[in-house]
1. Search segment 133-155 for residues that are within 20 Å of Lys176 (Cα to Cα) and among the acidic types (Asp, Glu) and pair each with any residue that is open to solvent by less than 70 Å² (accessible area, probe 1.4 Å) and in a helix (DSSP H, G or I) when their beta-carbon atoms are under 7 Å apart and the residues are at least 6 apart or on different chains.
2. Spot the failing condition for Leu122; the list is (1) part of a helix (DSSP H, G or I); (2) open to solvent by less than 40 Å² (accessible area, probe 1.4 Å); (3) among the aliphatic types (A, V, I, L, M), and only one is missed.
3. Here's a check for you: in segment 53-72, which residue that is open to solvent by 70 Å² or more (accessible area, probe 1.4 Å) and closer than 16 Å to His146 by Cβ is modelled with the highest pLDDT?
4. Picking from Ala44, Ala77, which residue would you name as being at pLDDT 80 or above, of a type in the set (Gly, Ala, Ser), open to solvent by less than 90 Å² (accessible area, probe 1.4 Å) and out of contact with any Pro (no Cβ under 9 Å at 6 or more places or on another chain)?
5. Being over 22 Å from Thr140 (Cβ atoms), part of a loop (DSSP other than H, G, I, E, B) and charged (D, E, K, R): is that true of Lys115 here?
6. Could you grab me the full set of residues in segment 87-98 that are under 30 Å from Leu122 (Cβ atoms) and open to solvent by 70 Å² or more (accessible area, probe 1.4 Å)?
7. Out of Val84, Val106, report the one residue that is part of a helix (DSSP H, G or I), open to solvent by 80 Å² or more (accessible area, probe 1.4 Å) and within 15 Å of Tyr173 (Cβ to Cβ).
8. Among the residues of segment 129-164, which ones are in contact with a Leu (Cβ under 8 Å, 6 or more places away or on another chain), modelled with pLDDT under 90 and either within 15 Å of Asp96 (Cβ to Cβ) or surrounded by fewer than 16 Cβ atoms within 10 Å (Cβ to Cβ) (or both)?
Amino acid sequence: MKSLNKIIIVLGLSAIVVSCHDKGQPNYQYFPNMYESVGYETYAESDAFKDGKEGQLPAVGTIKRGFVPYDYPNTTAGYDASKVSLKSPLDSTAVDMEKAKELYTVYCAICHGEKGNGKGNLAVREKLLGIPSYKDRVITEGSIFHVQTYGLNSMGAYSNQLDTNERWLVAAYVMKLKSEL
């Protein structure tokens, strides 16, 4: 009886193995696009969009979440206008000087120095020259914010690293440093 059971099991397994394999017709793939995706070229035309050329554009007048429009242009006139009329939206009690100092230390002190005297580590090592002291400059919070947003001369823009609120905090801290020099 035991050998009959063994023979039946072996024949059953053989039938299963032989019946699942058909060289004449390939097996079906479940969701073949997951295994064999279509490779698209980056800027190639596509029939996925209406005109076949452009991707979908955002609706007119929309802005991305968290973006705050800045109305001053990246020109000398925009800088002068920001110096005169741009004021910080932060209340003086809302300025967290510890956070502002931390941001200044990370992003500004390497060039401008811990005290704002233009003697940062890169200036002392003569990697960058001509970094001004805040004492010698006619600056306002608005002009500092403008320079952080667009950059000026050899200083690059920090609008990608610092959001609007953080740039205002740094501007308040720079004005504090200017008053201490």
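1. From residues that are within 20 Å of Lys176 (Cα to Cα) and among the acidic types (Asp, Glu), the pairs are Glu141/Ala171; Glu141/Ala172; Glu141/Met175.
2. Just one mismatch for Leu122, condition (2).
3. So the residue we want is Asp71.
4. Exactly one residue qualifies, and that residue is Ala77.
5. no
6. Asp96, Glu98
7. Going through Val84, Val106 in turn, just one is part of a helix (DSSP H, G or I), open to solvent by 80 Å² or more (accessible area, probe 1.4 Å) and within 15 Å of Tyr173 (Cβ to Cβ): Val106.
8. Lys135, Ser154, listed by residue number.
The values are calculated or read from the model by the stated rules, or taken from the named source; none is laboratory data. Worth saying up front: this structure is predicted, and the values here are computed from it rather than measured. Neighbour counts run over all protein chains shown; Cβ positions are idealised from the backbone, glycine included. For the accessible areas, the whole protein counts, side chains as well, though only heavy atoms, and no ligand, DNA or RNA atoms are used. Shrake-Rupley method; radii C 1.70, N 1.55, O 1.52, S 1.80 Å.
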